[in-house]
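Quick notes on the structure that follows.
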Amino acid sequence: MEWTPDPSAGAWLRERLDAGNETMHVVVPRGFPAYARIFHPAIVRSSPDRAIPTADEWVRMPESAQHALMAGFVDEPVSWAQTAAAFGTVLHPLAQWNRLVRTASDGDWRTRIAPDGREFTAPMEGELEPAHLANIVTHLVEHTQTPDAGFAALWEGRGDLLGFVGITPSRSFPTFSDDPNHQAMLDRSARDPFNNVFRKPTWQEGILSKEISEGPRFELPGRGHVLFSAAPRAFADPEWVLHVPWRDLPAEERGFPPPAQSPSLLWPEDHAWVLVSEVDFDSTIVAGSPALIEALCADEHLEALPLPEGADLTWDADAVNR
């Protein structure tokens, strides 16, 4: 995989997008015979002894009771279909999470407690777990003549991806120590490097190099992307994070597990399909052949439903669960 300074490889895709945001085609190209919506998993929390407390109940609990309760929490992935069953709603191709979990107009859709006492946390937006993406790509590579040639685009807005000229770094890694001498030094320190009026802007490193950070972007409506030439087949390996040029090595050096942003867009050189994980979507959309869409929807390891062209996936599009 290599950075592509010429973003013209994505021009065909941009030409198929709508100018307005009334349908999914503001980010998903038109002109494909079939589409699938792959739902990102959510998280469900349960407790063996009682219902998960509401926020008001939690703050009224003694700290000792909070700790005891947290020790028994069980967090597990949960599908949208299982979530719908818990809330008495219906999963369908245009379902929206806020409607699925019966969110009141002034409620928080990110965490909702079902009638059975379990707490459901909304799916991750704009991102796929490495193994989840690998499952999807296993099907994608069977439906292109160029599985070893293609392109991957990353949304430029991830805070730590690109370097920039500024006062403060794009991120920091906290250091913890039980050494009393180290803590005493911190207590004596009056210098705050993040609040120095005399500090001059300098280059702040990101995950990607200065050349890439300052280079051309693959521009789509409202979104800039960094474009890489990439073999789609590479993402069928669940350990693809170890081989991408945007692997976050500085974080790994500080003890974090190998992290890497999943592609916002992925397509083969022959344009047989395109995968779109839009940053504000809690689902990934695949456009391709009817055979590809059928295979994705039949995979028991994925939760996918076919979508019609022109589908509306906006916040209020779920008319079934209103």
For residues in the range 1-27 being under 21 Å from Ala230 (Cα atoms), hydrophobic (A, V, I, L, M, F, W, C) and assigned to a loop (DSSP other than H, G, I, E, B), which is modelled with the lowest pLDDT?
Met1
Odd one out for Ser262 among (1) touching a Ser or Thr at 6+ places or on another chain (Cβ under 7 Å); (2) modelled with pLDDT under 95; (3) more than 22 Å from Ile38 (Cα to Cα):
(3)
Subset of the range 257-279, residues over 19 Å from Leu162 (Cα atoms) and assigned to a loop (DSSP other than H, G, I, E, B), comes to Pro257, Glu269, Asp270, His271, Ala272, Trp273, Ser277
On the basis of being out of contact with any Leu (no Cβ under 7 Å at 6 or more places or on another chain) and part of a helix (DSSP H, G or I), does Arg247 make the cut?
no
How many of the residues making up the range 235-259 are touching a residue at least 60 places away in the same chain (Cβ under 8 Å), within 13 Å of Ala134 (Cβ to Cβ) and surrounded by fewer than 19 Cβ atoms within 10 Å (Cβ to Cβ)?
4
Here are Thr121, Thr175, Thr144: which of them is among the hydroxyl-bearing types (Ser, Thr, Tyr), more than 23 Å from the chain's Cα centre (by Cα) and modelled with pLDDT of 60 or more?
Thr144
Can you pull out the residues in the range 37-64 that are charged (D, E, K, R) and touching a residue at least 60 places away in the same chain (Cβ under 8 Å)?
Arg37, Arg45, Arg50
Looking only at strands (runs of 3 or more DSSP E) that fall completely inside the range 28-138, which ones have 3 or more residues that are over 24 Å from Arg158 (Cα atoms) and open to solvent by 30 Å² or more (accessible area, probe 1.4 Å)?
74-78
Can you name every residue in the range 215-230 that is open to solvent by less than 10 Å² (accessible area, probe 1.4 Å) and over 18 Å from the mean Cα position of the chain (by Cα)?
Phe218, Phe228, Ala230
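This table checks each residue for (1) touching an Asp or Glu at 6+ places or on another chain (Cβ under 7 Å); (2) among the aliphatic types (A, V, I, L, M).
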position: Glu63; (1), (2): no, no
position: Pro77; (1), (2): no, no
position: Trp80; (1), (2): yes, no
position: Leu91; (1), (2): no, yes
position: Asp106; (1), (2): no, no
position: Thr111; (1), (2): yes, no
position: Pro147; (1), (2): no, no
position: Gly150; (1), (2): yes, no
Report yes if some residue within the range 301-312 is out of contact with any Phe, Trp or Tyr (no Cβ under 7 Å at 6 or more places or on another chain), part of a loop (DSSP other than H, G, I, E, B) and crowded, with 23+ Cβ neighbours inside 10 Å; otherwise report no.
no
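The values are calculated or read from the model by the stated rules, or taken from the named source; none is laboratory data. Everything numeric here is computed off the predicted structure, so don't read it as measured data. Glycine also receives a Cβ, built like all others from the backbone with ideal geometry; neighbour counts cover every protein chain displayed. Side chains are part of the model used for accessible areas, which takes the heavy atoms of the whole protein and leaves out ligands, DNA and RNA. Shrake-Rupley method; radii C 1.70, N 1.55, O 1.52, S 1.80 Å.
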